[in-house]
Amino acid sequence: MSTVNVALIGYAFMGKAHSNAWRQVTPFFAPRLTPRLKVIVGRTREKVEAAARAYGWEEAATDWREVVERPDIDIVDVCTPGDSHAEIAIAAARAGKTVLCEKPLANDVESAERMLAAAEEAGVIHMVCHNYRRAPAVMLAKQLIEDGRLGEIRHFRGTYLQDWIVDPEFPLVWRLRREVAGSGALGDLASHTIDLARFLVGEIREVSGLLQTFIHERPLPDKPNQRGEVTVDDAALALVRFENGAVGSIEATRMAPGRKNYNRFEINGSEGSLAFDLERMNELELFLRGDPPETQGFRTILATDPTHPYVDAWWPPGHIIGYEHTFTHTIYDLLEAIADGRVPQPSFVDGVRTQRVLAAIERAAASGTWQQV
Ligand SMILES: NC(=O)c1ccc[n+]([C@@H]2O[C@H](COP(=O)([O-])OP(=O)(O)OC[C@H]3O[C@@H](n4cnc5c(N)ncnc54)[C@H](O)[C@@H]3O)[C@@H](O)[C@H]2O)c1
């Protein structure tokens, strides 16, 4: 069995989630390639060394440029904020590495397109981390739609709601600064919903858009008695029209008290409906018009049967899985794609398409008109 050496850039939230996935994938899934947690990279020596110890990386480094050039590195995993995705991913691709990049792929369409071009020119394997596709219940939804169980798809209703910035005294972290994050709830949350919509329903052709910032100034993280300007949206809404004739709505906000990670969608077709909520991620709600009338109704499928995607590698039926498993599934599919020599999905192609939808929503919001993607 051959080994692939991984370099991971960024050691905080996603750095921790991805480290866990790189560690868990071999014992549970036995991929053909065994990842070796070679080096984790951050800007502060002390902190990145602590992360390396905590998460099981062999080495810690502070210069990602040097690391992505190293001949002993095979895969570069980008877990930094959006303003550095393009620079790191392009350098890694040109150095011939497989690149896994966190979402949204970039902070603007032009950067995302440059990333895709660099990866294709170098002939390397590329993937964007829209991990929610890989919840077993979401994969089951995909299978049901592809098998035609819902008939012709007519509606997609996606909401991604959180509440962590509802307090006006919450500091001006990087996610609230356009030059680092690109956008607010739009790129952070709606990018996931758009990816799910594209995955499950199809390409989005045109959009309307509404972006709202409710709290315009917040305390600076390192100087709490000074305030700085919030330069991204707090909430993003769009109506969307799909190429296949379906219509939809997308809403993302980090200002919905009580909603912690309410990544929910409902899909209605001519023959039935299904609904998913990440906060109950082992379940898929399904309604089929073809069921006998006397027992018709939404049923809740517990997607933990060995026949459901990915579940076989974990636990017996009903022994539920969680958020972190979606990353392990992503890493497993990436490793298998590398072993096969093919580009997995969602790739940078998907990242670019989602970025175009995000940009169209911004144009629609600024102009008050519908925009073609
Ligand atoms: N897939 C998901 O569900 C999901 C969830 C959260 C975040 N994300 C994405 O992951 C990325 C990182 O988000 P996060 O929540 O981990 O942020 P975070 O603030 O928790 O961590 C960011 C890390 O990047 C490092 N960093 C920042 N700039 C850097 C640079 N120029 N060079 C090297 N290191 C740098 C920071 O030191 C930190 O370790 C973002 O693109 C975000 O949108 C995805």
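Structural remarks
- Computed accessible area, C79, all protein chains, 1.4 angstrom probe, square angstrom: 20
- Length gained when the stretch R32-W164 is fully extended (0.36 nm per residue, less Cα-Cα span): 43.5 nm
- Per residue solvent-accessible surface (Å²) - the chain, probe of 1.4 Å: 43
- Global geometry of region 186-249, whether rounded, prolate or oblate, following the gyration tensor of its Cα atoms and the 1.5 cut on a/c: prolate
- Kirkwood radius, region 135-180, all distinct C-alpha pairs, inverse of mean reciprocal distance: 14.5 Å.
- The candidates F276, F170, F199, arranged from most to least accessible area with a 1.4 Å probe in the full protein assembly, appear as F170, F199, F276.
- Backbone N atoms of region 22-50 closer than 15 Å to the 7 Å Cα→Cβ label point of E336 belong to residues 25-34.
- Summed residue charge, Cβ within 13 Å of R353's Cβ, Lys/Arg positive, Asp/Glu negative: -1
- Backbone N within region 252-273 under 18 Å of label point (7 Å from F13 Cα along the Cβ vector): 252-264
- Per residue, the convex hull volume that the Cα atoms of region 295-373 enclose (Å³): 187
- Counting only DSSP beta bridges whose two residues both lie in the chain, roughly 55 percent are antiparallel.
- The mean sequence distance of close C-alpha pairs (under 8 Å, at least 6 residues apart), as a share of the length of region 53-187, puts its relative contact order at 22 percent.
- As computed over the chain, the Cα convex hull volume per residue (Å³): 144
- Heavy-atom surface analysis with a 1.4 Å probe gives region 245-373 a carbon and sulfur content of 50 percent of its accessible area.
- Accessible surface of F13 - all protein chains present, 1.4 Å probe, nearest 10 Å²: 120
- Square roots of 5 times each gyration tensor eigenvalue, C-alpha, region 1-128, largest first, Å: 22, 17, 13
- Cα-based shape type of region 80-232, given that a ≥ b ≥ c are square roots of the gyration tensor eigenvalues and the cut on a/c is 1.5: oblate
- Accessible heavy-atom area order of K223, K142, highest first, probe of 1.4 Å: K223, K142
- Estimated [θ] at 222 nm from DSSP helical runs (n ≥ 4, -39500 (n - 2.57)) normalised by residues in the chain, nearest 500: -10000 deg cm²/dmol
- Nonlocal amide H pairs with C101, under 5 Å, H built at 1.01 Å: V78, M127, V128, C129
- For the residue pairs K97/K142; K38/K103; K16/K260; K16/K97; K38/K223; K103/K260, the C-alpha atoms sit more than 28 angstrom apart in K97/K142; K38/K223.
- Other residues lying with their Cβ under 14 Å from the Cβ of V230 contribute a combined charge of -2, Lys and Arg counting +1, Asp and Glu -1.
- Around R32: net Lys/Arg minus Asp/Glu count, Cβ-Cβ under 14 Å: -3
- Site pair R94 and T213 shows an inter-label distance of 3.3 nm when each label is modelled 7 Å from Cα along Cα→Cβ.
- Residues of region 170-191 with amide N under 19 Å of a point placed 7 Å along Cα→Cβ from Q226: 170-180
- If the segment from A366 to L302 were pulled out straight at 0.36 nm per residue, it would be longer than the present Cα-Cα gap by 18.8 nm.
- Only Cα pairs under 8 Å and 6+ residues apart enter the sum, and on that basis the relative contact order of region 218-373 stands at 9 percent.
- Cβ crowding within 10 Å averaged over residues, with 314-320, 84-90, 70-76, 186-192 ranked highest first: 186-192, 84-90, 70-76, 314-320
The values are calculated or read from the model by the stated rules, or taken from the named source; none is laboratory data. Everything quoted here is computed from the prediction, not taken from an experiment. No Cβ is skipped: glycine too gets one built from the backbone with ideal geometry, and neighbour counts run over all protein chains shown. Each accessible area value is taken on the protein alone, full model and side chains, heavy atoms only, with ligands, DNA and RNA left out. Shrake-Rupley method; radii C 1.70, N 1.55, O 1.52, S 1.80 Å.
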